[in-house]
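Take a look at the structure set out below.
The values are calculated or read from the model by the stated rules, or taken from the named source; none is laboratory data. Note that this is a predicted model, so its numbers are computed, not measured. Quick reminder, even Gly has a Cβ in these numbers, built from the backbone with ideal geometry, and neighbours come from all protein chains shown.
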């Protein structure tokens, strides 16, 4: 049976179509989920895409967190539902306290939009298991508020428990603490990533095919997961 | 009806690049004796009935501020702050 991956559209989401396309290229069925509909329609995993949900009003992700669909996703995530939050999706996961820390204004105040090298540091998650430990990948980054911050104790704990999923290498685009580009929760089912793997899945439109691994990883994870 | 005022500020240890940018612009105004600027947000809440500070605190904690990076304070607006 084909895995069904839900992609949520909030008012102001931008990358939901690219995320759905990446899901299809990886070989899964993409299922559109709507912010105002609490049902997940039986999907096996969920992607929270990039964009500017609810206009980024108040704080990025602060209002999306209270969308009807997020209550279901948050409950599911605590029970092991795989969730990948990309960019604005990462911000939403932090606001929903499904991941620790917060994403704040880039240290240099500029919106940063470029291809970015990352090093995959944790391959034990539902979304990174097809990468090699330490593998460097090139995918686009595009954010104005992507600087990851957390208190020292949280940062130390993330390091000690292998929960830093990816770090920026060859330059930190936003001043993120400890060059953090992505993190995971304790169980490894929830991953937040600031750069955009869904924009690097086809030679025509991306700088590489390096982003596809996030989407093939979830398929591999679901095949191995108990039903 | 008096308003409830919620002030939200980044915690002192969190970098405030907006404030830094403003501080760095001040010398262009001829202001050279400002050592730091930090930018926050003021939110005014009007309840349909009596202002409820406990409820306002709950709103601030759950939505208006992100306690991971921000501090907030909640108070009734002073008489001169309230609309006529």
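Looking at A:147, A:167, which one is within 16 Å of residue A:105 (Cα to Cα) and either crowded, with 24+ Cβ neighbours inside 10 Å or within 15 Å of the chain's Cα centre (by Cα) (or both)? So that I can check it myself, show each step before the final result.
Values: A:167 fails: within 16 Å of residue A:105 (Cα to Cα).
Sole residue among the options that is within 16 Å of residue A:105 (Cα to Cα) and either crowded, with 24+ Cβ neighbours inside 10 Å or within 15 Å of the chain's Cα centre (by Cα) (or both): A:147.
Can you name every residue in segment B:63-83 that is within 13 Å of chain A (Cβ to nearest Cβ) and either more than 13 Å from the chain's Cα centre (by Cα) or modelled with pLDDT under 95 (or both)? Give the derivation first.
To start, the set of residues in segment B:63-83 that are within 13 Å of chain A (Cβ to nearest Cβ) comprises B:63-70, B:72.
Answer for segment B:63-83, where residues must be within 13 Å of chain A (Cβ to nearest Cβ) and either more than 13 Å from the chain's Cα centre (by Cα) or modelled with pLDDT under 95 (or both): B:63, B:67, B:68, B:69.
Can you find a residue in segment A:195-211 that is within 18 Å of residue A:93 (Cα to Cα), in a loop (DSSP other than H, G, I, E, B) and away from every other protein chain (no Cβ under 14 Å)?
yes
Considering only residues of segment A:53-68 that are out of contact with any helix residue (DSSP H, G or I) (no Cβ under 6 Å at 6 or more places or on another chain), in a loop (DSSP other than H, G, I, E, B) and over 13 Å from residue A:8 (Cα atoms), which is farthest from the other protein chains (Cβ to nearest Cβ)?
Per the stated criteria, the residue is A:57.
The rows are residues; the columns are (1) farther than 19 Å from residue A:18 by Cβ; (2) touching a strand residue (DSSP E or B) at 6+ places or on another chain (Cβ under 7 Å); (3) modelled with pLDDT of 95 or more.
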| residue | (1), (2), (3) |
| --- | --- |
| A:159 | yes, no, yes |
| A:175 | yes, yes, yes |
| A:188 | yes, no, yes |
| A:191 | no, yes, yes |
| A:199 | no, yes, yes |
| A:212 | no, no, yes |
| A:220 | yes, no, yes |
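Go through (1) within 27 Å of residue B:14 (Cα to Cα); (2) in a helix (DSSP H, G or I) and name the single condition residue A:71 misses.
Among (1) within 27 Å of residue B:14 (Cα to Cα); (2) in a helix (DSSP H, G or I), residue A:71 violates only (1).
To keep it simple, each residue is scored yes or no on (1) outside any loop (DSSP other than H, G, I, E, B); (2) closer than 23 Å to residue B:60 by Cα.
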site: B:14; (1), (2): no, yes
site: B:18; (1), (2): yes, yes
site: B:21; (1), (2): yes, no
site: B:25; (1), (2): yes, no
site: B:34; (1), (2): no, no
site: B:38; (1), (2): no, yes
site: B:44; (1), (2): yes, yes
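Going through A:104, A:154 one at a time, which residue ends up being surrounded by 15 or more Cβ atoms within 10 Å (Cβ to Cβ) and in contact with a helix residue (DSSP H, G or I) (Cβ under 9 Å, 6 or more places away or on another chain)?
On the way: A:154 fails: in contact with a helix residue (DSSP H, G or I) (Cβ under 9 Å, 6 or more places away or on another chain).
Result: A:104 is the single residue among A:104, A:154 that is surrounded by 15 or more Cβ atoms within 10 Å (Cβ to Cβ) and in contact with a helix residue (DSSP H, G or I) (Cβ under 9 Å, 6 or more places away or on another chain).
Listed here are the residues, each with its yes/no results for (1) in contact with a strand residue (DSSP E or B) (Cβ under 6 Å, 6 or more places away or on another chain); (2) closer than 15 Å to residue A:191 by Cβ; (3) buried (at least 24 other Cβ atoms within 10 Å of the Cβ); (4) in contact (Cβ under 8 Å) with a residue 24 or more places away in the chain.
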site: A:49; (1), (2), (3), (4): yes, yes, yes, yes
site: A:54; (1), (2), (3), (4): no, no, no, yes
site: A:64; (1), (2), (3), (4): no, no, yes, yes
site: A:67; (1), (2), (3), (4): no, no, no, yes
site: A:92; (1), (2), (3), (4): yes, yes, yes, yes
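Looking at segment B:1-26, which of its residues are modelled with pLDDT under 95 and more than 14 Å from chain A (Cβ to nearest Cβ)?
Correct list: B:1, B:2, B:3.
Tell me whether segment A:94-108 contains one or more residues that are more than 8 Å from chain B (Cβ to nearest Cβ), in contact (Cβ under 8 Å) with a residue 60 or more places away in the chain and under 17 Å from residue A:125 (Cβ atoms). Before you say what the answer is, go through the steps one by one.
Here is the first cut: in segment A:94-108, the residues more than 8 Å from chain B (Cβ to nearest Cβ) are A:96-99, A:103.
Still in the list and also in contact (Cβ under 8 Å) with a residue 60 or more places away in the chain: A:98-99, A:103.
So of that shortlist, the ones also under 17 Å from residue A:125 (Cβ atoms) come out as A:98-99.
Scanning segment A:94-108 turns up at least one residue that is more than 8 Å from chain B (Cβ to nearest Cβ), in contact (Cβ under 8 Å) with a residue 60 or more places away in the chain and under 17 Å from residue A:125 (Cβ atoms).
I'd like to check something: does segment A:81-90 contain any residue that is within 14 Å of another protein chain (Cβ to nearest Cβ), touching a strand residue (DSSP E or B) at 6+ places or on another chain (Cβ under 8 Å), closer than 30 Å to residue A:205 by Cβ and surrounded by fewer than 24 Cβ atoms within 10 Å (Cβ to Cβ)?
No, segment A:81-90 contains no residue that is within 14 Å of another protein chain (Cβ to nearest Cβ), touching a strand residue (DSSP E or B) at 6+ places or on another chain (Cβ under 8 Å), closer than 30 Å to residue A:205 by Cβ and surrounded by fewer than 24 Cβ atoms within 10 Å (Cβ to Cβ).
Name the residue, out of A:8, A:43, that is within 14 Å of residue A:90 (Cα to Cα) and either modelled with pLDDT of 95 or more or in a strand (DSSP E or B) (or both).
Values: A:43 fails: within 14 Å of residue A:90 (Cα to Cα).
A:8 is the lone residue from the list that is within 14 Å of residue A:90 (Cα to Cα) and either modelled with pLDDT of 95 or more or in a strand (DSSP E or B) (or both).
Please go through segment B:40-60 and give me each residue that is within 15 Å of the chain's Cα centre (by Cα) and exposed (fewer than 14 other Cβ atoms within 10 Å of the Cβ), ordered by number.
Matches in segment B:40-60: B:42, B:44.
Could you list all residues from segment A:11-40 that are assigned to a loop (DSSP other than H, G, I, E, B) and over 16 Å from residue A:200 (Cα atoms)? Outline the logic, then answer.
Quick first cut of segment A:11-40, residues assigned to a loop (DSSP other than H, G, I, E, B) only: A:11-12, A:14-15, A:27-28, A:35-40.
Passing the criteria: A:11, A:12, A:28, A:35, A:36, A:37, A:38, A:39, A:40.
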